[in-house]
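Q: Below is a structure I'd like to ask you about.
The values are calculated or read from the model by the stated rules, or taken from the named source; none is laboratory data. Treat the numbers as computed from the prediction; the structure is a model and nothing was measured. FYI the Cβ positions are ideal-geometry reconstructions off the backbone, even for glycines, and counts take in every protein chain you see. We work out accessible area using only protein heavy atoms, side chains counted, and drop any ligands, DNA or RNA first. Shrake-Rupley method; radii C 1.70, N 1.55, O 1.52, S 1.80 Å.
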Amino acid sequence: MQPNVISLVSIGRHPQSGRARRSEQDGRALELGLKLSGSHLQVAHAGAYDSTFSGSAEETVLRQYAGMGLKQMTVLKQSSDADVIPSLSHYLESQSAQVVLLGVRAESGESSGMVPYLLAESLGWPIVSRVADIVSIENGEAEVLLALPRGQRRSVTVTLPFIATVDNAAPEPRQTAYGPGQRAQFNAVDTPEVLDELRINWVEAPAKPRPKRLKVIKAKTAAERFKAATAKAQGGSGKVMKNESAQEKAQAIFDLLIEEKVIR
Amino acid sequence: MIFDWLPSVLIAIVLMLAVVGAVRRISLWRAGQPSPVNIISGLMAMPKRYLHDLHHVVERDKYMSRTHVATGGGFVLAMFLVLCVHLFGVDSKLLAWALLASLVMMFTGAIFVFKRRRNPPSRLSKGPWMRLPKSLMTFAVTFFVLTLPAAGILPDGTGNVLLTLVLSALILVSLGEMLFGMTWGGPMKHAFAGALHLAFHRRQERFGGGRSTGLKPADLGVEVHGVSKPTDFKWNQLLGFDACVQCGRCEAMCPAFAAGQPLNPKKLIQDMVVGLAGGTDANYAGSHYPDPQGKGREPGSAKGSPTEVITAGLVDAETLWSCTTCRACVEECPMMIEHVDAIVDMRRFLTMEKGETPNKGAEVLDNIIATDNPNGYAPGSRTNWAADQNLNVMRDVKKAEVLFWVSDGAFDMRSQRILRSFVKLLKAANVDVAILGDEERDSGDVARRLGDDATFQNLAKRNLQTLSQYEFKTIVTTDPHAFHCLRNEYGDFGSDALDNVEVLHHTTYLNRLVQDGKLKLDTFKGGTVTYHDPCYLGRYNGEYEAPRELLRSMGIEVAEMERSGFRSRCCGGGGGAPITDIPGEKRIADMRVEDAKETQADLIAVGCQQCTAMLEGVVEPRPEIRDIAEILVDQLIEEVH
Ligand code: SF4
Ligand code: SF4
Ligand code: SF4
């Protein structure tokens with residue numbers, strides 16, 4: 001049976017021009033969704049859909065997603081200061097979604113990377129983060145490859161339904177084609193709208209570049225330098241605890257939090 | 001003669017069949033999209049276009065042009081007279097003698113066709129084309145004998161049954177080729193379709209020495225963008241394909257073919273004919289597409305029909321993406337066929353409908369859309385190159401004598417050297433110049449040639465909108481590709497921003513400054529110099545002279561390459577070819593540098609930053625490569641105030 005896959009997409013932001021674009025990770029979420037269920041894939045976006053939508057930058061971007069080969073796309077109508085979590089979780093539940101794919105974090109807005117976690121919490125579903133690929137979905141279980149630093153992968157299985165955030169290590173989104181994008185239909189859907197109380201009181205200001213700590217390169221050989229340049233951040237002093245008791249594991253985490261001054 | 005009614009009956013039958021074929025063929029063309037033409041004036045202008053425009057191209061091969069005048073002219077005249085004398089039975093010695101004379105002329109021409117066909121160069125198609133000289137001769141001889149009685153040389157009724165039967169058989173054979181074949185797809189089809197193509201050409205401006213090189217805008221927001229199947233072409237494009245004589249001049253000129261990339265413009269046009277008529281390429285008897293990957297596509301395996309998607313079995317996408325849009329084929333084609341239009345039309349389908357631009361294509365297009373430059377640099381850093389140049393920006397000054405269109409070379413360190421040289425020359429000549437600064441955007445050249453006309457049109461409109469805010473008399477640019485867009489393609493978008501504005505390439509403008517004595521130049525002493533004509537300056541815009549005159553003004557005697565001027569060989573940098581990067585056996589840029597080495601040049605002068613990049617990418621040892629602006633700046637005598 002075809003699993004019911006839904007990809008969620010947001011409006012991206014080009015790092016150089018600041019212009020709206022197809023977000024890199026959401027594009028990958030869409031690509032992965034197309035791989036999993038082809039033309040059965042559902043794609044949704046929560047955002048503004050009013051009289052100003054036609055011809056807007058948002059429409060252009062959504063049509064870029066659609067240009068990857070979608071006949072239609074769902075727009076959950078939300079005003080710009082709404083909290084999209086209730087709307088999204090209502091929609092996902094109503095569609096009996098089984099696999100929900102989305103980028104790790106948005107390129108615009110708060111860009112906190114919290115949406116997938118808040119969704120998982122509100123739906124009570126498991127979340128797998130930084131997925132590189134979904135290998136198979138069988139008997140209510142999915143085999144998922146997680147992306148680790150330096151091209152490593154970890155294979156995990158997760159029961160449906162679940163939420164997966166898609167890492168940059170996932171296959172690149174295919175090229176968007178203008179014609180199909182222009183012809184795609186938007187289905188606007190009314191969903192509960194909840195004002196984001198916290199956020200409306202925020203004041204936004206352009207970020208100032210923070211002073212950077214100078215990187216002391218200790219590498220002696222070219223291979224080491226290459227490693228230093230390409231490695232993702234990783235604690236050198238970490239250790240893997242597998243056989244210890246839960247008590248010991250918890251203690252180790254607790255000690256670390258105190259050591260890093262996260263709790264006092 | 002017992003059967004003396006037989007020849008005229010045969011002529012009448014073949015003629016009827018030919019008319020049926022013509023109607024059928026015309027209906028094949030009419031399956032294409034509408035494209036308005038003026039039928040009457042087109043037909044009236046046809047003979048002049050044949051004698052002037054077509055022959056202008058054929059003239060480049062003196063042997064062939066004389067041969068064709070004799071054979072073709074002789075045939076047309078003879079055919080007309082055959083109808084008068086043998087079908088309508090006009091009884092006139094004068095006509096009969098005229099017929100004899102034209103047949104002699106035709107026969108003489110046919111002998112030369114025969115000679116060429118004895119050892120044909122590889123660019124010519126073989127197959128049915130090999131029997132054509134024989135058919136021509138048969139025609140001439142048969143009707144010569146048949147006309148002798150009418151001319152009074154032989155008494156009426158000469159000959160016996162046998163002779164009449166033999167002559168009748170020969171009439172069938174030769175008229176079968178000349179009339180029936182003309183409309184049923186034989187080699188003589190070129191005369192029928194070619195004549196009508198001259199009358200109804202999609203670019204009428206090309207006749208009478210004109211130039212029409214800008215691509216036509218794609219219709220946006222339609223069911224299918226670009227050309228997916230043969231009937232998506234305009235009807236007169238289909239007609240144009242049918243006019244091909246398979247002379248292979250385009251093949252001989254095509255840089256992609258020479259580099260062993262899977263493109264042969266002649267085969268491409270023949271494949272279009274297969275598409276419009278339906279069938280396979282089994283009967284094609286010319287060179288095929290080179291096959292560097294060893295895919296081993298069998299002749300006959302290319303299938304198509306008017307309503308089938310071209311890239312699904314008739315032509316491989318790589319063939320379309322190998323083209324550098326250099327227009328060498330179009331320039332050389334005696335039938336004035338528009339290969340580049342067709343190629344870009346089909347690319348539009350691949351990009352805008354299928355999203356299948358190969359290699360870096362998708363990334364470049366995404367960058368252009370999001371940052372207005374192909375490499376995705378911050379738009380706000382476009383003017384960084386000019387930080388020390390003290391240049392006026394239009395936003396501040398609002399008007400200037402000259403607007404310098406910088407182009408995307410602004411982001412490239414090598415190209416910036418050309419830009420700086422040009423600015424220095426402008427300043428030395430005290431030109432009132434300004435730039436658009438960060439308000440300038442990519443011209444859209446690459447997007448358009450990659451088939452993304454939506455993005456091109458969007459950029460063009462936004463650039464025009466910016467330009468319309470300011471006042472200037474002249475736009476000058478160092479980039480022939482941007483030059484071509486601004487000059488020949490921006491006019492289609494209903495803006496008056498460029499009305500009464502002269503768009504110039506920097507070599508043209510600098511040449512004016514030098515001729516007006518505004519720049520004083522020293523003599524160049526750097527050895528032998530050759531000049532590479534950029535396609536988008538030369539073939540696209542007809543500017544061959546200004547760069548050479550500039551070089552002469554520094555005392556440089558250009559050591560011309562064998563392929564220069566309108567026959568210049570492309571550097572491989574156009575049409576997005578470096579982006580789609582279709583593998584071949586050689587690189588086009590290497591071949592071009594080889595051309596230059598044959599002249600013993602120490603320096604290749606160019607007039608294009610893209611050519612500079614392509615040619616400099618060739619491994620040393622090779623001649624040095626510099627833009628004319630850079631050469632000029634070194635010879636500039638600066639006046640001390
Ligand atoms: S396209 Fe033109 S140049 Fe090429 S073979 Fe045909 S007639 Fe000759
Ligand atoms: S434009 Fe140039 S590269 Fe393209 S087919 Fe013609 S000759 Fe070949
Ligand atoms: S870079 Fe120069 S030679 Fe190459 S295609 Fe462009 S104009 Fe022609």
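Q: Which of the numbered conditions does B:Glu59 fail, given that it passes all the others? Conditions: (1) open to solvent by 70 Å² or more (accessible area, probe 1.4 Å); (2) touching a residue at least 40 places away in the same chain (Cβ under 8 Å).
A: (2)
Q: If you check every pair at least six apart or on different chains, which have Cβ atoms under 7 Å apart with a residue in the stretch B:378-402 that is without any contact (Cβ under 8 Å) to a residue 24 or more places away in the chain first and a residue that is part of a loop (DSSP other than H, G, I, E, B) and surrounded by 13 or more Cβ atoms within 10 Å (Cβ to Cβ) second?
A: Pairs found: B:Ala378/A:Gln16; B:Ala378/A:Ser17.
Q: In the stretch B:218-242, how many residues are in contact with a Lys or Arg (Cβ under 8 Å, 6 or more places away or on another chain) and within 16 Å of ligand 1 (Cβ to nearest atom)?
A: Of the residues in that region, 4 qualify.
Q: While we're here: Does B:Lys229 count as open to solvent by 30 Å² or more (accessible area, probe 1.4 Å), more than 24 Å from B:Leu537 (Cα to Cα) and basic (Lys, Arg)?
A: yes
Q: Name the single residue that is nearest to ligand 2 (Cβ to nearest atom) among those in the stretch B:311-322 being touching a helix residue (DSSP H, G or I) at 6+ places or on another chain (Cβ under 6 Å) and open to solvent by less than 10 Å² (accessible area, probe 1.4 Å).
A: So, considering only residues that are touching a helix residue (DSSP H, G or I) at 6+ places or on another chain (Cβ under 6 Å) and open to solvent by less than 10 Å² (accessible area, probe 1.4 Å), the one nearest to ligand 2 (Cβ to nearest atom) is B:Ser322.
Q: Next up: Filter the helices (runs of 4 or more DSSP H) completely within the stretch A:20-139 down to those with at least 1 residues that are within 21 Å of A:Arg153 (Cβ to Cβ) and modelled with pLDDT of 95 or more.
A: Per the criteria, A:24-37, A:115-123.
Q: Would you check which residues across the stretch B:574-586 are open to solvent by 10 Å² or more (accessible area, probe 1.4 Å) and within 12 Å of ligand 2 (Cβ to nearest atom) and list them?
A: B:Ala577, B:Ile582, B:Gly584
Q: For A:Ala57, state whether it is surrounded by 19 or more Cβ atoms within 10 Å (Cβ to Cβ), touching a residue at least 12 places away in the same chain (Cβ under 8 Å) and not acidic (Asp, Glu).
A: no
Q: Give B:Leu95, B:Leu83 a once-over and let me know the one that is touching a residue at least 60 places away in the same chain (Cβ under 8 Å), away from ligand 1 (no atom under 16 Å from the Cβ), out of contact with any Phe, Trp or Tyr (no Cβ under 7 Å at 6 or more places or on another chain) and open to solvent by 10 Å² or more (accessible area, probe 1.4 Å).
A: Of the residues listed, the single one that is touching a residue at least 60 places away in the same chain (Cβ under 8 Å), away from ligand 1 (no atom under 16 Å from the Cβ), out of contact with any Phe, Trp or Tyr (no Cβ under 7 Å at 6 or more places or on another chain) and open to solvent by 10 Å² or more (accessible area, probe 1.4 Å) is B:Leu83.
Q: Working carefully through the options B:Ala195, B:Ala285, find the one that is hydrophobic (A, V, I, L, M, F, W, C), in a loop (DSSP other than H, G, I, E, B) and either surrounded by fewer than 24 Cβ atoms within 10 Å (Cβ to Cβ) or without any contact (Cβ under 8 Å) to a residue 60 or more places away in the chain (or both).
A: B:Ala285
Q: Pick out the one residue from B:Leu350, B:Leu365 that is within 14 Å of chain A (Cβ to nearest Cβ) and either free of Cβ contacts under 8 Å to residues at least 40 places away in the same chain or over 28 Å from B:Glu616 (Cβ atoms) (or both).
A: B:Leu350
Q: Follow-up question, since we're still on this one. Is there a residue in the stretch B:228-239 that is within 14 Å of chain A (Cβ to nearest Cβ) and modelled with pLDDT of 95 or more?
A: yes
Q: Go through (1) under 26 Å from B:Asp533 (Cα atoms); (2) within 16 Å of ligand 1 (Cβ to nearest atom); (3) open to solvent by 10 Å² or more (accessible area, probe 1.4 Å) and name the single condition B:Pro262 misses.
A: (2)
Q: Okay, next question. Part of a loop (DSSP other than H, G, I, E, B), charged (D, E, K, R), in contact (Cβ under 8 Å) with a residue 40 or more places away in the chain and surrounded by 10 or more Cβ atoms within 10 Å (Cβ to Cβ) - does that describe any residue in the stretch A:197-207?
A: No: zero hits.
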